[in-house]
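This report concerns only the one structure given below.
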């Protein structure tokens, strides 16, 4: 077997030190050529992989929402106008007005019509639709949520009131899961109480709404 390098390589080999020439002329050029071929193949494979990932690679899914898009400075929510009426909404028997309503569907395929939110509130507590029409709160519809606990956590984190949580305040924040028949509804309220209190923030399950939120006839 001829171990001599091809003639095209000999001018280049002759410019190398004598030891390198002896190594290549005695068959070492096979090893060098094999190493270079392997290196080229690795580089080509890396380039192909990079192009493939750029064209067809799986992109990270965009987050459902972000705090910066949904944070509410509660002090800017509109104050209810006019008389609250004879039947007052109460939270633990504390009369309140509605200043903000947040609703969100549960599940990837669900959707909510922002214009129908007031109608949905009767699914939470009977009579709540009339209260919302009277108080005219700010209404926001959030994107679909994957978990009711995650929704409540996000709601409380994004609602910024001017008072610290460990101080008496007229703000009462309530969030949780309600039911529209078989369909769950995620809802959060920012209430404005008639007087300062320590109720703070509440997270409710479907069976708890009627125990916490009630309509009562209150005499002036």
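Out of 150, 176, 188, report the one residue that is in a strand (DSSP E or B) and at negative phi.
Step by step, each of 150, 176, 188 is checked, and only 188 is in a strand (DSSP E or B) and at negative phi.
For residue 112, the test of being outside any loop (DSSP other than H, G, I, E, B) and either in contact with a strand residue (DSSP E or B) (Cβ under 6 Å, 6 or more places away or on another chain) or in contact (Cβ under 8 Å) with a residue 40 or more places away in the chain (or both) is failed.
Restricting to region 192-207, name every residue that is more than 18 Å from residue 151 (Cα to Cα) and either part of a strand (DSSP E or B) or outside the structural domain of residue 159 (by TED's automatic domain parsing) (or both).
At the first step, the residues of region 192-207 found to be more than 18 Å from residue 151 (Cα to Cα) are 192-199.
192, 193, 194, 195, 196, 197 - these are the residues of region 192-207 that are more than 18 Å from residue 151 (Cα to Cα) and either part of a strand (DSSP E or B) or outside the structural domain of residue 159 (by TED's automatic domain parsing) (or both).
Listed by first and then second residue, the pairs with beta-carbon distance under 8 Å, at least 6 apart or on different chains, first residue in region 30-49 and without any contact (Cβ under 8 Å) to a residue 24 or more places away in the chain, second assigned to a helix (DSSP H, G or I), are 32/24. Taken together, 105, 84 contain a single residue that is under 20 Å from residue 157 (Cα atoms), at pLDDT below 90 and assigned by TED's automatic domain parsing to the domain that holds residue 157, which is 105.
The values are calculated or read from the model by the stated rules, or taken from the named source; none is laboratory data. This one's a predicted model, so the numbers in the text were calculated from it and none came from an experiment. Here the Cβ is made from the backbone with ideal geometry for all residues, glycine too, and neighbour counts use every protein chain on show.
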